[in-house]
Amino acid sequence: MEIATGLSNEIARYLDLATDEAKLTAVNMANVDTPGYQTVGMDFEGEMRQAIDEVEQGRAPHKVRVTKVDGLIARPDGNNVSIDRESLNLAQAQLKFRAGVALLRDEYQDVLDAIHAK
């Protein structure tokens, strides 16, 4: 038996996107010493808007669009990864994930309360 609501599906997609963001950050950090490596990222808000539309229309999730991040300072070897920037991005992704888990927990508690209501 699957218990899902529109909101729980949207929150689940939010968690997937927060995970994707953390993975991209990890890839960037892992390539900090790779000559010529260019930092990649995603438009979290844009991806979330599209994910909400997909949930509302009953479509399957799309593949996240990953793009090179513009405006970063490149070192002489062509690499533009900033550990400070990536550390901040990782912390933000972790906060997004924790907030999503709390929201999902509350949503499922509301569903359980409705099931057990007399």
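The values are calculated or read from the model by the stated rules, or taken from the named source; none is laboratory data. What you see is a predicted model, and the numbers here were worked out from it, not measured in a lab. A quick note on method: Cβ atoms are made from the backbone with ideal geometry, for glycine too, and the neighbour counts reach across all protein chains shown.
Quick rundown of the values:
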quantity: Those residues of the stretch 22-44 which are within 16 Å of Leu72 (Cβ to Cβ), of a type in the set (A, V, I, L, M, F, W, C) and either surrounded by fewer than 14 Cβ atoms within 10 Å (Cβ to Cβ) or out of contact with any Lys or Arg (no Cβ under 8 Å at 6 or more places or on another chain) (or both), in sequence order; calculated: Leu24, Val27, Met29, Val32
quantity: For Ile11: the one exception among (1) part of a helix (DSSP H, G or I); (2) touching a Pro at 6+ places or on another chain (Cβ under 8 Å); calculated: (2)
quantity: Yes/no for Ala99 being outside any helix (DSSP H, G or I) and free of Cβ contacts under 8 Å to residues at least 12 places away in the same chain; calculated: no
quantity: Total residues in the stretch 19-74, condition outside any helix (DSSP H, G or I), of a type outside the set (Lys, Arg) and out of contact with any Ser or Thr (no Cβ under 6 Å at 6 or more places or on another chain); calculated: 24
quantity: Restricting the stretch 56-79 to residues that are among the small types (Gly, Ala, Ser) and surrounded by 10 or more Cβ atoms within 10 Å (Cβ to Cβ), the residue that is farthest from the chain's Cα centre (by Cα); calculated: Gly78
quantity: Any chance Leu7 is among the hydrophobic types (A, V, I, L, M, F, W, C) and either modelled with pLDDT of 95 or more or exposed (fewer than 14 other Cβ atoms within 10 Å of the Cβ) (or both); calculated: no
